[in-house]
Amino acid sequence: MARFLPLLITVFLAGVFAVALLTGGAPQPPDVMLSRPAPAAPISGLDDRLLRTGTVVVNFFASWCAPCAEEQPHLLTLAKTKGFRVVGVAYKDKPAAIARWLEQHGNPFLAVGHDQDGAAALEWGVYGVPETYVLVDGVVRYRHVGVLDENTLKDAILPLAKPALPEEQ
Amino acid sequence: MMRFVVCLMMCLMFSLPAAAVLPDEVLGDPALEARARMLTREIKCLVCQGESIDESNAPFAADLRRLVRQRLSAGDSDVQVKDYLVARYGEYILLRPQLGVHTLILWVMPFALLAAAAGALVRHQRRMRAKEEA
């Protein structure tokens with residue numbers, strides 16, 4: 001038995017590395033923001049009260065971000081879905097460029113906040129665009145890093161639908 | 001030849017990893033700036049692989065460097081700055097894992113392995129000696 005120990009250890013380690021290689025990719029930071037209230041730091045152009053009731057999808061995007069255009073159809077779908085409101089936060093971008101980009105790709109946003117120096121993004125724990133947060137009554141319930149896809153929408157976001165309070169609608 | 005070797009050794013001795021800090025980021029107070037440098041060396045640039053924000057040229061790293069210096073200037077302690085970042089990005093943002101129940105394996109494993117290896121070595125030697133004496 002002891003004779004095969006080195007072989008066993010080698011096979012075990014090879015297995016560990018193979019699993020890490022095949023399933024890994026770049027490590028994703030943990031979602032520390034989950035179950036916490038959305039950051040209170042104000043974002044210019046965005047009314048904080050908008051984020052505190054019902055289900056709100058907060059999408060960090062930029063006109064210079066090519067993958068952002070890819071997920072725009074999903075955001076447009078969400079904006080039309082009952083129980084969802086979608087707001088955008090433009091990351092390190094110029095208002096004119098954003099207006100042009102939204103005209104070109106469609107505008108799902110009820111309001112667009114401007115985070116020109118990226119300070120608000122740091123407050124939210126964002127590390128790149130696109131990144132999407134789903135708030136339910138002001139609490140972060142879901143976070144997606146990267147481009148939204150059909151499955152994420154169906155499995156993770158759509159079940160979180162909740163209309164805003166009547167007086168807000 | 002000797003001179004060349006000495007020169008090469010000196011070059012290697014004094015070559016430190018290049019910092020990415022831009023002149024306009026540097027704080028006026030040298031003591032505070034030194035603290036900022038120490039601190040940013042321990043914070044991971046999340047969009048790069050295995051680089052601290054002190055070394056990285058990524059815009060994201062520059063943002064974080066600015067944030068660290070802002071907080072230090074506002075009177076935060078080193079621990080407060082780290083806690084601030086950990087609250088937003090998780091412990092993942094620290095290059096050196098903190099000692100805690102969840103990281104115990106990580107910290108204890110090398111010593112445990114070393115002890116196990118030493119134990120095996122001692123046992124092996126005892127057995128050899130016993131064989132020689134027999």
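A compact table of results
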| read-out | value |
| --- | --- |
| Residues of region A:37-73 classified as in a strand (DSSP E or B) and touching a His at 6+ places or on another chain (Cβ under 6 Å), total | 1 |
| Only listed residue being within 14 Å of chain B (Cβ to nearest Cβ), out of contact with any Pro (no Cβ under 6 Å at 6 or more places or on another chain) and surrounded by 21 or more Cβ atoms within 10 Å (Cβ to Cβ), chosen from A:Phe60, A:Phe84 | A:Phe60 |
| Test for A:Asp48: is it free of Cβ contacts under 8 Å to residues at least 60 places away in the same chain and closer than 30 Å to B:Tyr84 by Cα | yes |
| Number of the condition not met by B:Leu114 [criteria: (1) surrounded by 10 or more Cβ atoms within 10 Å (Cβ to Cβ); (2) under 28 Å from A:Val140 (Cα atoms)] | (2) |
| Lone qualifier among B:Val108, B:Val101 - being more than 11 Å from chain A (Cβ to nearest Cβ) and modelled with pLDDT under 90 | B:Val101 |
| So A:Tyr91, is it within 14 Å of another protein chain (Cβ to nearest Cβ) and free of Cβ contacts under 8 Å to residues at least 40 places away in the same chain | yes |
| Any hit, region A:106-117, residues being over 26 Å from B:Arg65 (Cα atoms) and either among the basic types (Lys, Arg) or touching a His at 6+ places or on another chain (Cβ under 6 Å) (or both) | no |
| Total residues in region B:29-48, condition out of contact with any Asp or Glu (no Cβ under 9 Å at 6 or more places or on another chain), part of a loop (DSSP other than H, G, I, E, B) and more than 10 Å from chain A (Cβ to nearest Cβ) | 1 |
| Filtered residues of region A:135-144 (kept if in contact with a helix residue (DSSP H, G or I) (Cβ under 8 Å, 6 or more places away or on another chain), touching a residue at least 24 places away in the same chain (Cβ under 8 Å) and surrounded by fewer than 22 Cβ atoms within 10 Å (Cβ to Cβ)) | A:Val136, A:Gly138, A:Arg141, A:Tyr142 |
| Lone qualifier among B:Val26, B:Val122, B:Val21 - being β-branched (Val, Ile, Thr) and farther than 30 Å from A:Val129 by Cβ | B:Val122 |
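To keep it simple, each residue is scored yes or no on (1) modelled with pLDDT of 90 or more; (2) facing chain A (nearest Cβ under 8 Å); (3) buried (at least 18 other Cβ atoms within 10 Å of the Cβ).
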{"site": "B:Ser52", "(1), (2), (3)": "yes, no, yes"}
{"site": "B:Ser56", "(1), (2), (3)": "yes, no, yes"}
{"site": "B:Leu67", "(1), (2), (3)": "yes, yes, yes"}
{"site": "B:Gln70", "(1), (2), (3)": "yes, no, no"}
{"site": "B:Asp83", "(1), (2), (3)": "yes, no, no"}
{"site": "B:Tyr92", "(1), (2), (3)": "no, yes, no"}
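The values are calculated or read from the model by the stated rules, or taken from the named source; none is laboratory data. The model shown is predicted, which means the values in this text are computed figures rather than measured ones. Counting neighbours? That spans all protein chains shown, and the Cβs are built from the backbone with ideal geometry, glycine included.
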